[in-house]
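Trainee: Sharing a structure here in structure tokens format.
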Amino acid sequence: MYDETFMREAIKLSRHCIEKNAGGPFGVVIVRNGVEVGRGYNMVTINNDPTAHAEIVAIRDACKNLNTFKLDDCEIYTSCEPCPMCFGAIYWARIKKIYYAADRFDAEKAGFDDSFIYKEFDLSDNRRSIPAEQHCKQEAVKVFCEWEKLATRVDY
């Protein structure tokens, strides 16, 4: 259930991020049963890591704190609508609800335009701005077959 306190904390983290000059103005809080279990702010430029978006940082923090890779009983409060990468990470973490403040159009006005990535999804491999080619498919598929037979595998 939505709690404005957590959204205000996410926004506070986004401001903290720009005060530290750590990256873009994005902050996140992850909550389970009304208790904060993870937090993060954008650390792309301070860590020289293009994947260190606030959502990713917070998901890693929550997973570490809860000792799990599934956050299916958690909610995420983010100061801005997640980009495609973060949106995917939220789904992989199985987070049950997303609350966000600013949207992707607000981010675009501030110089964070992800619209080209959304458009890339619909293009064929050879029409994308970063072309992709498929090779050695059969060898890679064999590894998947080995995984499927593995008795000790952990499904996720």
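Trainee: Given a 1.4 angstrom probe, what's the average accessible area per residue across the chain, in square angstrom?
Mentor: 68 Å²
Trainee: Explain nothing, just the number: relative contact order of the chain, from Cα pairs under 8 Å at least 6 residues apart, as a whole percent.
Mentor: So the answer I get is 16 percent.
Trainee: How high is the relative contact order of the stretch 67-156, in percent, with contacts defined as C-alpha pairs under 8 Å that are six or more residues apart?
Mentor: In percent, rounded to a whole number, it is 22.
Trainee: How large is ³J(HN,Hα) for each residue in the stretch 22-37, as worked out from phi by the Karplus curve 6.51 cos²θ - 1.76 cosθ + 1.60 (θ = phi - 60°), to whole Hz, x for Gly and Pro?
Mentor: Coupling constants for the stretch 22-37: 8, x, x, x, 9, x, 9, 10, 10, 10, 10, 6, x, 10, 5, 10 Hz.
Trainee: In degrees from 0 to 90, rounded to the nearest 10, what is the angle of the helix 4-20 Cα long axis to the longest principal axis of the chain?
Mentor: 80 degrees
Trainee: Just for the chain, what percent of DSSP beta bridges are antiparallel, to the closest 5?
Mentor: Taking every DSSP beta bridge within the chain, about 70 percent pair in antiparallel fashion.
Trainee: Roughly how many whole Å is it from the C-alpha centroid of the stretch 46-80 to that of the stretch 119-150?
Mentor: With the stretch 46-80 and the stretch 119-150 each reduced to a Cα centre, they are spaced 26 Å.
Trainee: Here's something else I'd like to know. Quick one: which residues, 5 or more positions from Asn42 or on another chain, have an amide H under 5 Å from its amide H? H modelled 1.01 Å from N in the peptide plane, none for Pro or chain starts.
Mentor: The list, which skips near neighbours in sequence, is Phe26, Ala54.
Trainee: Continuing with this model, one more query. Between rounded, prolate and oblate, where does the stretch 1-85 land on the alpha carbon gyration tensor, with a ≥ b ≥ c its root eigenvalues, rounded for a/c under 1.5, else prolate if a/b exceeds b/c?
Mentor: oblate
Trainee: Turning to a different aspect of this structure: Would you kindly derive the ³J(HN,Hα) couplings of the stretch 82-96 from the backbone phi angles with the Karplus curve 6.51 cos²θ - 1.76 cosθ + 1.60 (θ = phi - 60°), listing them in order in whole Hz, with x for Gly and Pro?
Mentor: Coupling constants for the stretch 82-96: x, 6, x, 5, 5, 4, x, 5, 4, 5, 5, 6, 6, 4, 7 Hz.
Trainee: Tell me the relative contact order for the stretch 26-99 as a rounded percent, counting alpha carbon contacts under 8 Å between residues six or more apart.
Mentor: For the stretch 26-99, the relative contact order is 33 percent.
Trainee: Classify the stretch 47-156 as rounded, prolate or oblate, taking a ≥ b ≥ c as the square roots of the eigenvalues of its Cα gyration tensor: rounded when a/c is under 1.5, otherwise prolate if a/b is larger than b/c and oblate if not.
Mentor: Oblate, because a/c is 1.5 or more while a/b does not exceed b/c.
Trainee: Let me ask you something else. Heads up, I need the accessible area for His135: 1.4 angstrom probe, whole protein in place, Å², nearest 10.
Mentor: 130 Å²
Trainee: Among Ile11, Ile98, Ile130, which one shows the highest mean-square fluctuation when the chain is modelled as a Gaussian network with alpha-carbon springs under 10 Å?
Mentor: Maximum among the listed residues: Ile130.
Trainee: In nm, what is the difference between 0.36 nm times the number of residues separating Asn47 and Lys119 and their Cα-Cα distance?
Mentor: Extra length from Asn47 to Lys119 when fully extended: 23.1 nm.
Trainee: Run the 1.4 Å probe and let me know the accessible area of Leu150, rounded to the nearest 10 Å².
Mentor: Probe radius 1.4 Å; accessible area of Leu150 about 80 Å².
Trainee: Using a Gaussian network for the chain with springs between C-alpha atoms less than 10 Å apart, which of these wobbles most: Pro25, Pro50, Pro131?
Mentor: Looking only at Pro25, Pro50, Pro131, the largest GNM fluctuation is found for Pro131.
Trainee: Given the options Phe121, Phe26, Phe105, which has the most mean-square fluctuation in a GNM of the chain, springs set between C-alpha atoms less than 10 angstrom apart?
Mentor: Among Phe121, Phe26, Phe105, the largest mean-square fluctuation in the Gaussian network model of the chain belongs to Phe121.
Trainee: Ignoring any ligand, DNA or RNA, what whole percent of the accessible area of the chain comes from carbon and sulfur when the probe is 1.4 angstrom?
Mentor: Carbon and sulfur: 54 percent of the exposed surface of the chain.
The values are calculated or read from the model by the stated rules, or taken from the named source; none is laboratory data. These numbers were taken from a predicted model, which means no experiment stands behind them. Side chains are part of the model used for accessible areas, which takes the heavy atoms of the whole protein and leaves out ligands, DNA and RNA. Shrake-Rupley method; radii C 1.70, N 1.55, O 1.52, S 1.80 Å.
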